[in-house]
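Structure record follows, encoded as structure tokens.
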Amino acid sequence: SAAENGTEYLINETFARKIGWNENAPGQQMRIAWMPSYGTVVGVVKDFHFNSLHHKIEPLCFRSGNLSSSISIKIAAGDLPVTMRRVEEAWKTVITDRPFDYEWLDDQFAKTYGAETRLSSLIGIGAGLAVFIACLGLFALAMFTAESRTKEIGIRKVLGASVAGITGLLARDFLKLVLVAIVLAAPLAWWAMNEWLQDFAYRVEIRWWMFAASGVMAVAVAFLTVSFQSIRAALTNPRATAYVYNTKN
């Protein structure tokens with residue numbers, strides 16, 4: 001039959017659109033370069049990604065034939081050892097000149113985006129370490145600032161300043177630095193992400209709210225880091241501070 005001879009074809013939507021057939025594709029005659037005769041297009045399948053998302057969907061043609069070196073099998077996920085043993089028995093019965101060897105499709109997908117997975121893990125680890133080191137630096141700087149402004153804090157408390165007011169006073173200077181860092185880093189982050197996404201034919205669009213959310217999180221982490229030492233300094237007994245001041249002077 002025509003199917004057995006490989007002269008009946010299925011094409012995808014991109015193939016039909018590029019050649020100008022569109023919905024009139026079924027019934028059209030076509031010939032693959034190495035085929036001796038023309039065949040008939042019997043149907044059009046919906047577009048699907050048969051390459052990675054780095055590439056656009058290209059024209060695709062299916063035909064029956066015996067040139068393939070592998071076959072795809074959909075199996076139930078119930079008892080895999082028994083199922084695979086039966087598949088192997090069937091393979092050895094029908095195909096006696098080739099060894100039975102297989103691999104899972106999800107492993108193939110994992111290999112397709114292996115570089116992206118590794119890059120994501122490295123970025124996550126690097127970002128986590130950077131945030132941790134930055135928090136340590138902020139904590140140490142807040143401790144130093146609180147110690148150097150002990151007299152000022154004591155005077156403000158004696159004059160009626162609240163814990164919240166003193167905490168805000170000490171944290172304000174650090175939050176200004178964090179905001180400046182966000183303003184400087186956001187354009188660089190946008191440029192780097194945009195350049196990386198250019199490698200994908202299908203990609204998400206970078207939105208402003210992504211940077212806004214990241215900025216809010218950075219400010220929140222910085223505030224929590226600084227506020228611990230700021231609250232501790234604000235809760236210091238002003239009389240003890242004045243006593244230390246008087247004894248030293």
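The values are calculated or read from the model by the stated rules, or taken from the named source; none is laboratory data. Because the structure is predicted, anything quoted here is derived from the model rather than measured. Neighbour counts run over all protein chains shown; Cβ positions are idealised from the backbone, glycine included. Quick note on the areas: whole protein, heavy atoms, side chains included, nothing else; ligands and nucleic acids left out. Shrake-Rupley method; radii C 1.70, N 1.55, O 1.52, S 1.80 Å.
Which of the residues belonging to region 13-54 are in a helix (DSSP H, G or I) and polar (S, T, N, Q)? Break it down into steps so the answer makes sense when it comes.
Pass one, region 13-54, residues in a helix (DSSP H, G or I): 13-19, 22-24.
Thr14, Asn22, Asn24 - these are the residues of region 13-54 that are in a helix (DSSP H, G or I) and polar (S, T, N, Q).
If I go through region 162-202 residue by residue, how many of them are farther than 22 Å from Thr225 by Cα and in a loop (DSSP other than H, G, I, E, B)?
Residues that pass the stated criteria total 5.
Out of (1) part of a helix (DSSP H, G or I); (2) under 30 Å from His49 (Cα atoms), what's the single condition that is false for Lys157?
(2)
Going by what's in this entry, would Ala90 be described as out of contact with any Leu (no Cβ under 8 Å at 6 or more places or on another chain), under 30 Å from Ala218 (Cβ atoms), of a type in the set (A, V, I, L, M, F, W, C) and without any contact (Cβ under 8 Å) to a residue 40 or more places away in the chain? Spell out the reasoning first.
Values: out of contact with any Leu (no Cβ under 8 Å at 6 or more places or on another chain): yes; under 30 Å from Ala218 (Cβ atoms): no; of a type in the set (A, V, I, L, M, F, W, C): yes; without any contact (Cβ under 8 Å) to a residue 40 or more places away in the chain: yes.
Judged against the criteria, Ala90 is not a match.
Residues checked against (1) modelled with pLDDT of 85 or more; (2) over 20 Å from Val216 (Cα atoms); (3) open to solvent by less than 60 Å² (accessible area, probe 1.4 Å):
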| site | (1), (2), (3) |
| --- | --- |
| Val131 | yes, no, no |
| Leu159 | no, yes, no |
| Leu169 | no, no, yes |
| Leu179 | yes, no, no |
| Val183 | yes, no, no |
| Leu188 | yes, no, no |
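Residues in region 93-124 that are under 21 Å from Ala76 (Cβ atoms) and surrounded by 10 or more Cβ atoms within 10 Å (Cβ to Cβ): how many?
Summing the residues that are under 21 Å from Ala76 (Cβ atoms) and surrounded by 10 or more Cβ atoms within 10 Å (Cβ to Cβ) in region 93-124 gives 4.
Please work out which one of (1) farther than 30 Å from Leu197 by Cα; (2) in a loop (DSSP other than H, G, I, E, B); (3) under 36 Å from the mean Cα position of the chain (by Cα) is the condition Met84 fails and give its number.
(2)
Taking Ala76 as meeting all but one of (1) touching a Ser or Thr at 6+ places or on another chain (Cβ under 9 Å); (2) closer than 30 Å to Thr225 by Cα, write down the number of the exception.
With (1) touching a Ser or Thr at 6+ places or on another chain (Cβ under 9 Å); (2) closer than 30 Å to Thr225 by Cα applied to Ala76, the lone miss is (2).
Going through Ala25, Ala33 one at a time, which residue ends up being surrounded by 12 or more Cβ atoms within 10 Å (Cβ to Cβ) and at negative phi? Lay out the reasoning, then the answer.
Details: Ala33 fails: surrounded by 12 or more Cβ atoms within 10 Å (Cβ to Cβ).
Only one candidate qualifies: Ala25.
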